[in-house]
Amino acid sequence: MTTAGRAPAAALAEPVERVGRGWSSALSLANGAIWVGWYGPLQILLASQAEDFAPGSGMSKETMLAWVTGVGALVSLVANPLFGALSDRTTSRYGRRTPWIVAGAAGGALSLLLLAAADGVWTMALGWCLVQLTLNAAFAAVTAAVPDRVPRLQRGSVGGWLGVAQVLGVVGGTALATAAGGVGAGYAACAVFTAVGVLPYVLRFEDLPLAAEDRPPWSWRGFLAGFWLSPRRHPDLGWAWLTRFLMNLSNALVLLYLLYYLRDRLHHADPEHGVLILTAVNGVTLLATVVVGGVWSDRVGRRKPFVIWSGVLMAVATAGLAAWQTWPGAVVAAAVLGIGFGVFTSVDFALMTDVLPKALDRGKDLGVINVANALPQVAAPVLAAPIVTYLGGYRVLYLVAALVGLAGAVLVGRIRGVD
């Protein structure tokens, strides 16, 4: 925790003091709360609304869901780096990141309630865009807090705990959306958890303030130009970004139509409950590896081998979905995907923080990197909808996802500045 006597430049210094379990736990809870706000809708609620609104709209439920999630992801592409850059320049006495965590979580909760009241595809799209806008403000600040406060050789383990929170957020959001007893109640439950979950961090731990004299001079040209991180000048950052994009695109292709896959291809008797089971299985195996992978990476001081082999394992599991299209096959694939994605989540996060160019722009640079999380949500519907509808169905979709993920794993080897 910072104190009033610390130098303002501490906000820009490379951290050397290890953070405690309380700080890591509170930040992880805040991260999990944001993922509840995202994945309750993405796993269950948006698909249910698309199914309700599609008749008479001229769109299939698959197309409507793809359109809404794609537009929301476009908002996310802009929002994450924008709010990251704004938090870099924030000189509030409450610090650079905390004001954005509070505002983003509160705005996200209100946006989820607005989405609950949607009565058609346009209000559904508007509500989801607002959810993406606000929650990305909070998420950009949460992720930037790690390189602000955590020394390099602790980032794998802290990234692991953030990964645990992400998984629990996905599972928790899915569970809340399923158990609440309806679309409106599901959104309300997710909204409450999102707002309350950030409170332990923002109330217990002070942020590092940035003095006004440490903030760079303002110009629109310089501000906008800062969002371009040249792969030529920063090749490691470019390859790390591409790796994350491909791995997340593979994962997004698997998840986007999961509810419809269970209902229309496997003819599962209760597809909503099936999604919850698969999410829980994936979460359990992910939890078993996400912290272990990060701690192990910190101890050996290496990142790339963990990312490469986790990506290969995820590609094998995704290919299994194409070859073994049964309920047991889906359960096994979910478990194996969890093992691989657990290691990837923690170690890739540490890898990303290791290749950041400079401390002054941590929030903005991580926001640009986080575009690699959001852009797949735009690309996945564009690829998945025609594949499922015209080009071979779910078997071809999951083969494409496996190849995309394998490409991401292979390209990690192009990063030279990190072992």
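The values are calculated or read from the model by the stated rules, or taken from the named source; none is laboratory data. All values derive from a computational prediction rather than experimental measurement. Neighbour counts run over all protein chains shown; Cβ positions are idealised from the backbone, glycine included. Areas reflect the complete protein model, heavy atoms only, side chains present, ligands, DNA and RNA absent. Shrake-Rupley method; radii C 1.70, N 1.55, O 1.52, S 1.80 Å.
Couple of notes before you dig in:
- If you filter region 63-83 down to residues that are under 16 Å from the mean Cα position of the chain (by Cα) and under 18 Å from L115 (Cα atoms), you find that the one that is most open to solvent (accessible area, probe 1.4 Å) is L74.
- Counted residues, region 87-108 - those being open to solvent by less than 60 Å² (accessible area, probe 1.4 Å), farther than 19 Å from L126 by Cβ and in contact (Cβ under 8 Å) with a residue 60 or more places away in the chain: 12
- Residue match in region 243-252 (condition: modelled with pLDDT of 80 or more, closer than 30 Å to D88 by Cα and β-branched (V, I, T)): yes
- Test: residue in region 409-416 that is modelled with pLDDT of 85 or more and not hydroxyl-bearing (S, T, Y): no
- Filter result for the condition that a residue is over 19 Å from the mean Cα position of the chain (by Cα) and over 30 Å from L199 (Cβ atoms), over S92, S57: S57
- Count of region 174-203 residues, restricted to those that are under 30 Å from D298 (Cα atoms) and in contact (Cβ under 8 Å) with a residue 40 or more places away in the chain, is 5.
- Some residue of region 155-174 being open to solvent by 40 Å² or more (accessible area, probe 1.4 Å) and among the small types (G, A, S): no
- Annotation note: Cβ proximity below 9 Å between a residue of region 371-384 that is more than 11 Å from G70 (Cα to Cα) and a residue that is of a type in the set (S, T, N, Q) (sequence gap 6+ or interchain) occurs for V371/S76; V371/N80; A372/T243; A372/N248; N373/S76; N373/N80; N373/N248.
- Answer residue from region 216-240, given it is at pLDDT 75 or above and open to solvent by 30 Å² or more (accessible area, probe 1.4 Å) and is nearest to A103 (Cα to Cα) among those: W239
- Options G40, G70, G95: the member that is in contact with a Ser or Thr (Cβ under 7 Å, 6 or more places away or on another chain) and either over 18 Å from A137 (Cα atoms) or at pLDDT below 90 (or both): G40
- Residue list for region 281-310, filter: at pLDDT 85 or above and not hydrophobic (A, V, I, L, M, F, W, C): T285
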